[in-house]
Amino acid sequence: MTLITMLWGTLLDILPIAAIIFGFQYLVIRKPVKHLPQVMAGFLMVWVGLSFFLVGLEQALFPMGELMANQLTHHDFLPSLTEGAKRHWSDYYWVYLFAFAIGASTTIAEPSLIAVSLKAGEISGGTINPLMLRIAVALGMAFGITLGTWRIVMGWPLQWFVLVAYLLVIIQTLRSPRSIIPLAFDSGGVTTSTITVPIIAALGLGLAAEIPGRSPVMDGFGMIALACLFPIITVMGYAQIAQWQAKRQRRANVSTALNSKLLGKGDHDAL
Amino acid sequence: MDLVVSLARQLKDSLRDLAPVVLVIAFFQLVVIRQPLPDTLALLDLVLGLIFVVVGLTLFIKGLELGLFPLGENLARAFVKKGSVSWLLTFAFALGFGSTVAEPALIAIADRAADVVAQGGLISQSTNAQASFAFALRMVVAVSVGAAVMVGVVRILKGWPLHLIIIAGYVLVLLLTLLAPAEMVGIAYDSGGVTTSTITVPLVTALGVGLATAIKGRSPMLDGFGLIALASVMPIIFVLLFGIMGIHLIPGAAS
């Protein structure tokens, strides 16, 4: 039953886009689509696949995420307090660990990130490893979410964090190989879609509701913004490391080539 | 036959991708929290749900490779050959607007945002005012994504460096943050992340890469990416501006 409603819902999501694409293809470009049966099969698979995926999320991952957010922030679970003492931010260490782990693991499984990293691997001709790229994004995302939970616990304004993150992004931009910059900026936006947003939102809301002095409606926002910024920084970092390694590799190759040349010369002399 | 083999390979990849999520949750449930599952969550439902996720992910990715990717790239190439910039820009706007306006995550967050803003006293508490605020917010975000994709396409055509545009965007965001009502800041920052959905991202990436491949002198790596980056900065600027200037125009706004 849920599957049918979901199929209908995703159909409504996909239809405007399909209408735009086919509309422009037939009304403006006025050329038939190449491999039409294959393209239609692809659309059908996207539709059915997305519906199954979303139903699965609602059945399994979302309720689980919400349940765990509640369990981890519940006062029975946290270390006990002496009467009248204020809770220290480090009491929430399981929350930070969970935020980090869930951020990294959901990002690795994110379909749109997989799509973009495949594209990037294809274009770069092997310099970029899609799996490594996804790991870099996942680490950035995990760090961003963890920072977001910490911000809610501390109650500091979001603007400070965003300002610092922006500065880091700008510094990294000036130091990274130019070809990675657009991809890095894109990977920030890619991370936060279907799987991640609801689980993070549940975690933020649970946390803000449980901590005295935080309002769930006001402080629940802002996690997504931070989760978007840090992948930019880590992807540029990955590019810098990859570039450095390639340089070292090249230097190593040059020196072995030099050695064999010397050896060759020695052999010649011996003869 | 080929399709079956590639589907099977994709299925294996999907399983590998999902394993970390399952492991994290299982670890926290069994080792850290150590509480029985509530009655509302049956283990069978969870397992069934996970199977759905794996199958759905597999079909979705394979479908993108077969359908959306080639179609998007061909369309981009056809537009370049046609040489009509105005049609290309119209298409770019339509794509951005069309894929955002129906985005479920945006609809959800707009409703929650209306609630926050009403509590903050920017608009009246009535359902009517909240509904019209949520609708206006969705429209603002959708228009901003359309505009972002358009700017991104102009950038690819002109070959402007992306980081200068993004940094200028950041500066604008920070300046507008100082002026915007406090309740709007968090919403604005988050709306940047929400817009880039599972359908939008592959499609917009295909458009950018296709354009950069088809135009002489553009590298797909350097110029093809960057549309999504713009689509996640532009909504922040538009929503902040909306918070500063547009909010008074909504029926039920507090004077």
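A crude spin-label estimate for the pair A:N253 and A:W160, with each label 7 Å from Cα along the Cβ direction, gives 4.9 nm. Counting only other chain Cβ atoms within 10 Å of each residue's Cβ, the peptide B:12-24 averages 5. Placing unit charges on the Cβ atoms only, positive for Lys and Arg and negative for Asp and Glu, gives the protein assembly as shown a dipole magnitude near 2160 debye about its Cα centre. Taken over the C-alpha atoms, segment A:1-54 has Rg and Dmax values of 12.9, 40 angstrom.
Each of B:K12 and B:V47 was given a label point 7 Å from its Cα along the Cα-to-Cβ line. The distance between the two points is 2.5 nm.
The relative contact order of chain A, computed from alpha carbon pairs under 8 Å that lie at least 6 residues apart in sequence, is 21 percent. Only Cα pairs under 8 Å and 6+ residues apart enter the sum, and on that basis the relative contact order of segment B:99-255 stands at 36 percent. Working ranking of peptides B:69-81, B:110-122 by packing, defined as the average number of other Cβ atoms within 10 Å per residue, highest first, is B:69-81, B:110-122. Largest mean-square fluctuation among B:I156, B:I236, B:I123, in a Gaussian network model of chain B whose springs join Cα atoms under 10 Å apart, belongs to B:I123.
Highest mobility in the GNM of chain A, judged by mean-square fluctuation with C-alpha springs under 10 Å and restricted to A:Y26, A:Y238, A:Y166, is found for A:Y26.
With the cut-off at 1.5 for a/c, could you classify the protein assembly as shown from its C-alpha gyration tensor as rounded, prolate or oblate? Show your work: numbers first, answer last.
Numbers: a/c = 1.42, a/b = 1.21, b/c = 1.17.
Rounded shape, in that the Cα axes give a/c under 1.5.
Using the Cα gyration tensor of chain B, with a ≥ b ≥ c the square roots of its eigenvalues, what is the shape: rounded (a/c below 1.5), prolate (a/b larger than b/c) or oblate (neither)? Could you put the intermediate results ahead of the total?
Working: a/c = 2.11, a/b = 1.04, b/c = 2.02.
Since a/c reaches 1.5 but b/c is at least a/b, the shape of chain B is classed as oblate.
Projecting the Cα atoms of A:P130, A:L61, A:W94 onto the charge dipole of segment A:54-140, computed from C-beta unit charges around the Cα centre, puts A:P130 farthest toward the positive end.
Classify chain A from the C-alpha gyration tensor, please: rounded if a/c falls under 1.5, else prolate or oblate depending on whether a/b exceeds b/c. Because a/c hits 1.5 or more and a/b fails to exceed b/c, chain A counts as oblate.
The numbers here are math on the coordinates, done by the rules we state, and not lab data. Everything numeric here is computed off the predicted structure, so don't read it as measured data. FYI the Cβ positions are ideal-geometry reconstructions off the backbone, even for glycines, and counts take in every protein chain you see.
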